[in-house]
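Colleague: One structure, as structure tokens, below. Some questions next.
Just so it is clear, none of the values below were taken in a lab; they were calculated from the coordinates. Every value quoted in this text rests on a predicted model; they were computed, and no experiment measured them. For neighbour counting, all protein chains shown are included, and Cβ atoms are generated from backbone atoms with ideal geometry for every residue, glycine included.
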Amino acid sequence: QTEECLSNSCPSSGQTPMLLLTGIPGLEDIHLWISIPFCLMYVISIAGNSVILFVIKTDPSLHEPMYIFLSMLAITDLGLSVTTMPTILGIFLFKSREISLDACFAQLFFIHSLSYIESSVLLLMAFDRFVAICNPLRYTSILTLPKIAKMGLVCVLRAVALIFPLLFLLKRFQYCRANVLSHSYCVHQEVMKLACSDITVNSIYGLSIALLTVGLDSLLICLSYIMILRAVRSITSNLESLRALNTCVAHLSAVLLFYTPMLGLPVIHRFGNSSSHSLQIFLGYVYLLVPPLMNPIVYSVKSKHLRVRIIKVFFKDKKHGPQPPIPSWTVTSEMI
């Protein structure tokens with residue numbers, strides 16, 4: 001039944017093709033138990049990113065470029081969590097594997113768009129650290145609020161403009177192959193393999209936009225850190241050098257958490273064999289679940305200023321008045 005042909009349920013027949021999502025093969029009997037850590041991950045992700053957004057929005061001292069970029073990252077992570085949560089938890093909690101083709105298209109549009117937006121935001125955060133360390137005197141004049149808003153808009157428009165054509169490329173197909181996807185959510189690389197027709201155009205376009213977004217962004221992030229390292233080496237004080245590098249630790253952690261599975265997953269999709277199926281499933285979960293889970297934790301731990309503000313939200317100190325703002329552009333021990 002799970003391998004049935006979709007040709008009898010193509011749009012021409014008046015029915016909507018149904019696809020089957022996959023949880024963790026071989027562990028179907030304990031899917032209910034597996035759902036517990038997944039539920040915890042989603043709760044922590046949504047709560048953590050919501051707290052980050054609330055604290056940054058309500059605390060004027062956090063209305064600095066670094067924290068505004070962090071709020072963009074939190075919004076994107078919330079979007080990824082909300083987009084993937086229904087299908088993943090549906091499989092593990094209710095054994096609900098079916099998803100219509102249109103719903104699958106919608107999910108893959110949001111997953112890919114939000115992933116490319118997150119890549120862009122990480123690039124903006126690298127630029128923020130580059131300006132803060134290499135050109136601190138012009139930090140506030142370079143990263144003004146209007147410029148940051150325009151940067152954010154460009155990130156969204158770029159992602160949507162590149163992903164939207166994928167829907168039309170997928171819509172033109174009829175789907176007549178086995179209707180089982182290897183993940184608990186829909187991605188372009190998986191759905192296009194179910195088509196009856198030649199998928200060369202989809203494959204080339206998908207690879208091209210990945211190189212233009214993730215590939216280009218990761219390259220520019222590397223260049224930013226090369227420039228940062230050169231600037232840090234020119235600082236005579238070892239203590240100041242360490243403090244400058246320490247302000248980048250949280251961002252570097254976010255970059256590694258995001259790009260490692262994201263770059264590895266498409267490679268395995270295109271060139272992997274049957275023996276790499278387990279690794280493909282593992283990276284598929286890491287790719288979408290770990291960054292939204294870990295980003296608020298890493299930034300809360302590494303940013304002393306943000307950590308203090310978060311603590312004050314839950315444990316208000318009535319003995320002390322509000323602390324003066326600490327500008328994020330200064331390279332101090334604010335991040336420890």
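Colleague: Could you pull out every residue, at least 5 positions away or on a different chain, whose amide H is within less than 5 Å of the one on Ile199? Hs are placed 1.01 Å off N in the peptide plane, and Pro or chain starts have none.
Modeller: Here nothing satisfies the definition.
Colleague: Rank Leu220, Leu78, Ser61 by how far each Cα sits towards the positive end of the charge dipole of the chain (+1 on Lys, Arg Cβ; -1 on Asp, Glu Cβ) and give me just the farthest.
Modeller: Positive-end residue among those listed: Ser61.
Colleague: Could you give me the ³J(HN,Hα) list for the range 109-124, computed from phi with Karplus coefficients 6.51, -1.76, 1.60 and θ = phi - 60°, whole Hz, x at Gly and Pro?
Modeller: Along the range 109-124, the couplings run 4, 5, 4, 5, 4, 5, 5, 6, 5, 4, 4, 5, 5, 4, 5, 4 Hz.
Colleague: Another question, then. In terms of modelled amide H atoms, which long-range or inter-chain residues lie less than 5 Å from the amide H of His183?
Modeller: When sequence neighbours closer than 5 places are left aside, the close amide H contacts are Thr22.
Colleague: Return the subset of Lys57/Lys316; Lys150/Lys304; Lys57/Lys304 for which the Cα-Cα distance in this structure is over 22 Å, preserving the input order.
Modeller: Pairs exceeding the cut-off: Lys150/Lys304.
Colleague: Highest GNM mean-square fluctuation, the chain, Cα pairs closer than 10 Å: which of Ile52, Ile75, Ile209?
Modeller: Comparing Ile52, Ile75, Ile209 in a Gaussian network model of the chain, the most mobile one is Ile209.
Colleague: Compute the angle between helix 65-94 and the longest alpha-carbon principal axis of the chain, please, reported from 0 to 90 degrees and rounded to the nearest 10.
Modeller: That helix lies at roughly 30 degrees to the long axis.
Colleague: Among Leu153, Val191, Leu93, flag the residue with its Cα farthest along the positive direction of the charge dipole of the chain, charges on Cβ as +1 for Lys/Arg and -1 for Asp/Glu.
Modeller: Of the options given, the answer is Leu153.
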